[in-house]
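The values are calculated or read from the model by the stated rules, or taken from the named source; none is laboratory data. Here the structure is a predicted model, which is why all the values come from computation and not from measurement. Cβ coordinates were reconstructed from backbone atoms using ideal geometry, including for glycine residues, and neighbour counts include every protein chain displayed.
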Amino acid sequence: MFGYDFFTPGRDLPLETADTAHNQGPSAFAQAAELELRSVSKRYPGQSAAAISDLSLTVPAGEVCVLVGPSGSGKTTAMRLINRMVSLSSGDILLGGRSVLQRNPRDLRREIGYVIQQIGLFPHLTVGENIATVPRLLGWDKPRTTARVEQLLELIDLPPAEMRDRYPAQLSGGQRQRVGVARALAADPPLMLMDEPFGAIDPINRARLQDEFLSLQAKVRKTIVFVTHDIDEAIKMGDRIAILRSGGVLAQYDTPAEILTRPADDFVAEFVGADRALKRLSLATLADIDLIAPNGLRPNNARLPLDSTVRDALSMLLTGGGAPLTVVHPDDRVAGLVTIDLVAALLKDDSAPAANGAAPDPGRAVQAPPGAVSDPDGAVQAHPLDEDPSA
Amino acid sequence: MLAVAKVVIPSFSSGGGGANSCVRDNHLFCADWVSRNWSGVLQPALTQHIALTLIAISIGSAISLVLSLAAHRRGWLERPVIIVTGILFTIPSLALFQILVPSLGLTRANAEVALVSYTLLILFRNTLTGLREIPEEVREAARGMGMSQRQLLWRVELPLALPAIMAGLRIATVTVISLATVAAYVCNEGLGVPIFAGIQESVFKTEIIAAGALAIMLALASDALLVGIQRLLTPWARKHAV
């Protein structure tokens, strides 16, 4: 994917024919591109503190990188540097191996899907016209655009015949959000930037949209930079999480499991929360762990599907007074048993190396590794309540 | 007009008082005079009035659009533009027409300059308000998807400001139709001509009433037309959650 040539004029993306618009697998989408930030800094004139300080990270093609941090950590600024909505002070950003600085900002943005919290659908354009925005800017012909709109509406589960000609005011919040994602996907960008895309949605619908988005991503496999202030959302959505601290300093960049098991310093430990052991349990399902064979034990009546998270299993174990639970396959065959001891052993195994020999205590931060800067303000900043207005 | 003629002509013939009886008797409103002078006096005056209005609104819209776009990009421009157009708006119309006579003479240009100056405040304020009320996230999304400044203006900002622009256009049009009757003071055009003639004759009032009624009907019709155009251009503004 290095040197991948985006949208060469005249090049036909495989998906754009009307008769094959549906039922296309992941291979039908343009390949995702690797994103690399090299010692990126942003300093606003007249401000002593940098907004982003020497930020380096690489997002492998097709992965979701979540930028998370408290207000003032510059996570939105970092994202907006990528599509040059904010200009770099120093460093470089490479998309598919090519520096974004060498690109015309407008051409660059047409190749990068962009979803913001308030979505910003055009109220005067129909759903179909909204989705067709970037294809029109790119000069696609009408049949190709129409086919693409239809295909995207089906991808986000909005019936095209019914929804295409509606105006944004006629949609529910969740539908608007999905149209926003479809609009960002319209020109099949190799990279998507999403700034708190579910931030304005109520908790129940947010969880549903997150699940929908994950299954969508499983189909389209875009490289995604996802900004949130919510660590739980970061854990759920991210293949990798970049935790930023005040001044846009990268505190840790790792997989969710690593961050929860081995936080790099006090700040990260505080930010992910005292319940990080429990959060880790929500990363795995019962299918991922070795269940106890059912012989000998007499389980109570409670049954749990195999795809439940370990965290949900623990919750049920605790409410059931500690009695073992029966885990069942979708067809109701017994898969095995789960007990509190089993879950506890799971956590103990995982966190033992993280604590460098100290007793694993999820409530206490672990020792910062050499070289990690500990943040004296960490405790204050670790409440990720609101978005920073400067970003 | 036709309805009036149909009702009045039979009563006139049955009265048998001759063609100009109502003029001779100086009725408050003489329908016979109207039908006789429609093609010679009223209809040309109405056409001229529409022309005066169209020219004033077109020029006024163009100037206001440029001014409001400039003020939208550079906020400091708003105050001086509001002050200048506000002063123009408050000058009594008769005085303004008179003030312009030394430089522009008794011409249509004189009338248009004055009429245009009355549209500026209304059109500028409405257009600027319309542009400013566009949600910031809509602009952010448009820029983020790679629209140029010009594409943002033509594809997003102006269409979204259209309801406010049209609202200003309606007020300005009705204002100009009313003020254009005074323009007959400096140029011999428009519905003001029969009105001024009526004033000078001092006794016979039908000309004043007929021309005044035409001005009112023109204003109502223009407003209805603009409402219709706005509805056609902004179908999205009437759609709400289903």
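Hey, any hits in the range A:190-205 for a residue that's charged (D, E, K, R) and modelled with pLDDT under 90?
yes
Step by step: first the residues of the range B:211-239, then only those that are surrounded by 14 or more Cβ atoms within 10 Å (Cβ to Cβ) and within 14 Å of chain A (Cβ to nearest Cβ), then the one that is farthest from B:Arg170 (Cα to Cα). Which residue is that?
B:Lys239
Out of all the residues in the range B:111-144, which are crowded, with 17+ Cβ neighbours inside 10 Å and within 14 Å of chain A (Cβ to nearest Cβ)?
Passing the criteria: B:Gly130, B:Leu131, B:Ile134, B:Val138, B:Glu140, B:Ala141, B:Ala142, B:Arg143, B:Gly144.
Name the residues in the range A:108-141 that are within 7 Å of chain B (Cβ to nearest Cβ) and either among the charged types (D, E, K, R) or assigned to a helix (DSSP H, G or I) (or both), would you?
Within the range A:108-141, A:Arg109, A:Arg110, A:Thr133, A:Val134, A:Leu137 qualify.
Is at least one residue of the range A:83-97 in a strand (DSSP E or B), at the interface with another protein chain (Cβ under 10 Å from one of its Cβ atoms), of a type in the set (Gly, Ala, Ser) and within 22 Å of A:Ile224 (Cα to Cα)?
The answer is no, given that none of the residues of the range A:83-97 is in a strand (DSSP E or B), at the interface with another protein chain (Cβ under 10 Å from one of its Cβ atoms), of a type in the set (Gly, Ala, Ser) and within 22 Å of A:Ile224 (Cα to Cα).
Suppose we filter A:Leu171, A:Leu152, A:Leu191 for residues that are under 25 Å from A:Ala78 (Cα atoms), touching a residue at least 12 places away in the same chain (Cβ under 8 Å) and either among the hydrophobic types (A, V, I, L, M, F, W, C) or surrounded by fewer than 19 Cβ atoms within 10 Å (Cβ to Cβ) (or both); which single one remains?
A:Leu191
Results for (1) within 25 Å of A:Ala184 (Cα to Cα); (2) under 17 Å from the mean Cα position of the chain (by Cα), shown as yes or no for each residue.
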position: A:Arg38; (1), (2): no, no
position: A:Arg43; (1), (2): no, no
position: A:Ala51; (1), (2): no, no
position: A:Cys65; (1), (2): yes, yes
position: A:Pro70; (1), (2): no, yes
position: A:Lys75; (1), (2): yes, yes
position: A:Ile82; (1), (2): yes, yes
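Residue pairs, Cβ under 9 Å, 6 or more apart or interchain, first in the range A:329-354 and at pLDDT below 80 and exposed (fewer than 13 other Cβ atoms within 10 Å of the Cβ), second part of a helix (DSSP H, G or I) and not charged (D, E, K, R). List them.
From the range A:329-354, the pairs are A:Pro353/A:Thr261.
Sort through B:Val186, B:Val242 and tell me the only one that's surrounded by 19 or more Cβ atoms within 10 Å (Cβ to Cβ), of a type in the set (A, V, I, L, M) and either over 19 Å from B:Thr119 (Cβ atoms) or at pLDDT below 85 (or both).
So the residue among B:Val186, B:Val242 that is surrounded by 19 or more Cβ atoms within 10 Å (Cβ to Cβ), of a type in the set (A, V, I, L, M) and either over 19 Å from B:Thr119 (Cβ atoms) or at pLDDT below 85 (or both) is B:Val186.
Under 30 Å from A:Arg84 (Cα atoms) and either part of a loop (DSSP other than H, G, I, E, B) or basic (Lys, Arg) (or both): which single residue out of B:Arg125, B:Arg150 fits that description?
Testing whether each residue is under 30 Å from A:Arg84 (Cα atoms) and either part of a loop (DSSP other than H, G, I, E, B) or basic (Lys, Arg) (or both) leaves just B:Arg150.
So B:Gly198 fits all but one of (1) more than 14 Å from chain A (Cβ to nearest Cβ); (2) touching a residue at least 24 places away in the same chain (Cβ under 8 Å); what number is the exception?
Every condition holds for B:Gly198 apart from (2).
Could you tell me whether the range B:133-143 includes any residue that is under 25 Å from B:Leu226 (Cα atoms), more than 20 Å from the chain's Cα centre (by Cα) and part of a helix (DSSP H, G or I)?
No, the range B:133-143 contains no residue that is under 25 Å from B:Leu226 (Cα atoms), more than 20 Å from the chain's Cα centre (by Cα) and part of a helix (DSSP H, G or I).
What is the residue count in the range B:145-183 for residues that are crowded, with 23+ Cβ neighbours inside 10 Å, of a type outside the set (A, V, I, L, M) and within 14 Å of another protein chain (Cβ to nearest Cβ)?
Qualifying residue count for the region: 1.
In the range B:92-127, which residues are of a type in the set (Lys, Arg) and out of contact with any Cys (no Cβ under 8 Å at 6 or more places or on another chain)?
Passing the criteria: only B:Arg125.
So B:Met147 clears everything in (1) among the hydrophobic types (A, V, I, L, M, F, W, C); (2) farther than 30 Å from A:Asn130 by Cα; (3) in contact with a Ser or Thr (Cβ under 9 Å, 6 or more places away or on another chain) except one condition, right? Which one?
(2)
Would you mind finding the one in A:Arg144, A:Arg183 that is within 13 Å of another protein chain (Cβ to nearest Cβ), in contact (Cβ under 8 Å) with a residue 60 or more places away in the chain and assigned to a helix (DSSP H, G or I)?
Matching residue, one of A:Arg144, A:Arg183: A:Arg183.
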